Amino acid sequence: MEKINLKSLDQDELQALLKEMGEPAFRAKQIFAWIYRGASSPDEMTDLSKGLREKLAERAEIRELRILRRQISEQDGTRKYLFGLDDENAIETVFMKYRHGNSICVSSQAGCRMGCRFCASGMAGLARNLSAWEIADQILQVQKDTGERVSNVVIMGTGEPFDNYDQLSRFLRLVHEKNGLNLGYRSITVSTCGVIPGILRFGEEFPQVNLAISLHASNEATRSELMPVNRSYPMAQLLEVCRSHAEKTGRRITFEYTLVSGVNDGEKQAEELAGVLSGMLCHVNLIPLNTVREKSFRGSSKDYARRFQAALERRGIPATIRRELGGDIDAACGQLRLKA
Ligand code: SAH
């Protein structure tokens with residue numbers, strides 16, 4: 001019989017398992033806490049009796065992602081991990097150090113089927129969804145490897161989180177659990193390319209988790225050209241949904257906007273963008289395009305980025321230019337992919 005992976009269970013499910021084994025409910029809490037402290041086997045759970053540890057080990061195990069490769073940036077200490085899953089797939093995770101704490105960028109799928117034109121991560125399509133424990137384990141393994149605590153999580157690695165909504169929501173609940181990682185919902189950000197049904201559900205179920213939208217264009221035509229998802233969920237509808245999300249949750253939405261030279265980075269586009277975002281509780285994060293070798297797009301110059309930012313701010317839209325970390329290890333946005 002295949003062993004149960006304890007890491008795939010939430011506290012209630014652990015409790016049910018322990019009950020079935022004739023153990024009291026509080027044991028489940030102890031075990032859950034051990035798992036999120038990074039235990040890799042019931043043997044390590046020293047506050048359980050030896051008998052129970054043995055009984056557990058007969059039925060269950062704690063699976064882990066394997067570190068296949070790790071690159072550490074000499075510039076800023078950013079780390080990029082390539083993790084192996086139980087099948088032949090692999091995923092990437094990035095760990096970043098900021099003054100306000102450590103941040104991690106996790107993947108939600110192995111591959112992606114959204115096909116954004118400028119992005120390397122989706123070039124080979126979707127291999128499969130990650131399960132909640134595989135998303136959470138990226139945090140556990142990085143904490144183990146660095147010996148440091150992660151305080152902020154962004155779901156901005158490979159994959160479209162709302163294309164894997166059920167496992168994403170299970171992941172959010174798992175890492176929010178007080179007895180485990182105890183991550184506050186406000187220190188988590190989910191980034192989507194604009195899958196409207198996902199945004200609606202997310203607004204109902206997780207009003208405190210931050211929402212980031214990959215917008216990248218100021219009008220429908222440009223957006224459809226860069227992001228095929230815009231043909232299913234047009235920008236006008238997307239922005240309407242965002243407006244009511246911000247109103248309902250009272251939380252500022254981040255719009256990610258990658259500046260592509262000659263495509264979306266002119267004064268005219270800045271004006272157009274300010275127009276469509278006008279009056280919304282939001283913030284624009286301008287991302288320098290990371291050149292992906294196989295693609296023909298080029299990033300805008302620093303001057304253009306500053307001009308674009310100034311044009312937005314003049315019209316009352318707060319905007320920042322994202323600092324680039326880990327440039328020397330290809331850890332930047334849209335570059336997460338498996339280099340064979
Ligand atoms: N699917 C989600 C999350 C993963 S992508 C989403 O679309 O939001 C994370 C961010 O990196 C997105 O804003 C994406 O558009 C951006 N990105 C992708 N390729 C990029 C590139 N080459 N340069 C800069 N940003 C890129």
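Structure above, values below:
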{"read-out": "Of all residues making up segment 129-179, the number that are out of contact with any Asp or Glu (no Cβ under 8 Å at 6 or more places or on another chain), among the small types (G, A, S) and part of a loop (DSSP other than H, G, I, E, B)", "value": "4"}
{"read-out": "Residues being within 16 Å of the ligand (Cβ to nearest atom) and open to solvent by less than 20 Å² (accessible area, probe 1.4 Å) - total across segment 123-133", "value": "1"}
{"read-out": "Of all residues in segment 181-202 being more than 13 Å from D163 (Cβ to Cβ) and within 16 Å of the ligand (Cβ to nearest atom), the one that is least open to solvent (accessible area, probe 1.4 Å)", "value": "I188"}
{"read-out": "Selection count, segment 120-156, where residues are at pLDDT below 95 and in contact with a Leu (Cβ under 9 Å, 6 or more places away or on another chain)", "value": "3"}
{"read-out": "Sole exception among (1) among the polar types (S, T, N, Q); (2) in contact with a Leu (Cβ under 9 Å, 6 or more places away or on another chain); (3) within 14 Å of the ligand (Cβ to nearest atom) for S218, by number", "value": "(3)"}
{"read-out": "Lone unmet requirement of (1) in contact with a helix residue (DSSP H, G or I) (Cβ under 8 Å, 6 or more places away or on another chain); (2) open to solvent by 40 Å² or more (accessible area, probe 1.4 Å); (3) not in a loop (DSSP other than H, G, I, E, B) for G316", "value": "(3)"}
{"read-out": "Filtered residue count, segment 224-276, keeping only those that are touching a His at 6+ places or on another chain (Cβ under 6 Å) and either away from the ligand (no atom under 15 Å from the Cβ) or more than 16 Å from A305 (Cβ to Cβ) (or both)", "value": "3"}
{"read-out": "Residue count, segment 1-13 (criterion: under 26 Å from the mean Cα position of the chain (by Cα) and surrounded by 13 or more Cβ atoms within 10 Å (Cβ to Cβ))", "value": "8"}
{"read-out": "Residues that are within 16 Å of the ligand (Cβ to nearest atom) and part of a strand (DSSP E or B), drawn from segment 96-112", "value": "M96, S103, I104, C105, Q109, A110, G111"}
{"read-out": "Pairs, first at positive phi in segment 301-324, second open to solvent by 60 Å² or more (accessible area, probe 1.4 Å), C-beta under 8 Å, six or more apart", "value": "G316/S278"}
{"read-out": "Qualifying residue in segment 269-290 (condition: open to solvent by 40 Å² or more (accessible area, probe 1.4 Å), more than 16 Å from A319 (Cα to Cα) and either in contact with a Leu (Cβ under 9 Å, 6 or more places away or on another chain) or not in a strand (DSSP E or B) (or both))", "value": "no"}
{"read-out": "Flag if F26 is more than 16 Å from the ligand (Cβ to nearest atom) and either among the hydroxyl-bearing types (S, T, Y) or within 30 Å of T258 (Cα to Cα) (or both)", "value": "no"}
{"read-out": "Selection count, segment 141-168, where residues are open to solvent by 10 Å² or more (accessible area, probe 1.4 Å) and more than 16 Å from the ligand (Cβ to nearest atom)", "value": "10"}
{"read-out": "Checklist (1) touching a Leu at 6+ places or on another chain (Cβ under 6 Å); (2) farther than 23 Å from N179 by Cα applied to I72, failing item", "value": "(1)"}
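The values are calculated or read from the model by the stated rules, or taken from the named source; none is laboratory data. Note that the coordinates shown come from a computational prediction; the quantities given were computed from them, not determined experimentally. Reconstructed Cβ throughout: ideal geometry from the backbone, glycine too, with neighbour counts over all protein chains shown. All accessible areas refer to the heavy atoms of the entire protein, side chains included, with ligands and DNA or RNA removed. Shrake-Rupley method; radii C 1.70, N 1.55, O 1.52, S 1.80 Å.
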